[in-house]
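Participant: Shown below is the structure under consideration.
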């Protein structure tokens, strides 16, 4: 297993960060264009959607733990049907740091131990995009802008 941790401070309350993590209209603005959709109940599926619908099976998961405005753990699964295997586990931790300031930590536990700079960059862009959307209201530039 390979673990990476991304930590940053966002000028927002934990409730505002939680809302941005769980509202598909907001996730689309920072989560690589994907609407992240779930009921956010433990055991519920989590689905990643483009404008055309759900994306590949690699972006499907299950909510393992949800404590609003504090903690969210879900996995990403690979495979088809009931034979799906965990590909990684994502843990979002929201900690009040000061008035209207939240420490956000994303921990990625990958089954694959091999370095993957492209995947690491994607997670870094997601947490940076979350911060940018919450603090400015605008998404990060896509690079083609």
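Participant: Could you tell me how many of the residues in the stretch 128-145 are over 17 Å from residue 70 (Cβ atoms), modelled with pLDDT of 90 or more and surrounded by 14 or more Cβ atoms within 10 Å (Cβ to Cβ)?
Facilitator: 5
Participant: Counting just the residues of the stretch 25-53 that are surrounded by 14 or more Cβ atoms within 10 Å (Cβ to Cβ) and over 23 Å from residue 86 (Cβ atoms), which one comes out modelled with the lowest pLDDT?
Facilitator: 33
Participant: What number of residues within the stretch 14-36 are in contact with a helix residue (DSSP H, G or I) (Cβ under 9 Å, 6 or more places away or on another chain) and touching a residue at least 24 places away in the same chain (Cβ under 8 Å)?
Facilitator: Looking only at that region, the number is 10.
Participant: Only one of 125, 119, 113, 103 is in a loop (DSSP other than H, G, I, E, B) and either modelled with pLDDT of 85 or more or closer than 20 Å to residue 4 by Cβ (or both). Can you tell me which?
Facilitator: Being in a loop (DSSP other than H, G, I, E, B) and either modelled with pLDDT of 85 or more or closer than 20 Å to residue 4 by Cβ (or both) holds for just one of 125, 119, 113, 103, which is 113.
The values are calculated or read from the model by the stated rules, or taken from the named source; none is laboratory data. These numbers come from a predicted model, not from an experiment. Please note: Cβ atoms are built from the backbone with ideal geometry, for glycine as well, and neighbour counts cover all protein chains shown.
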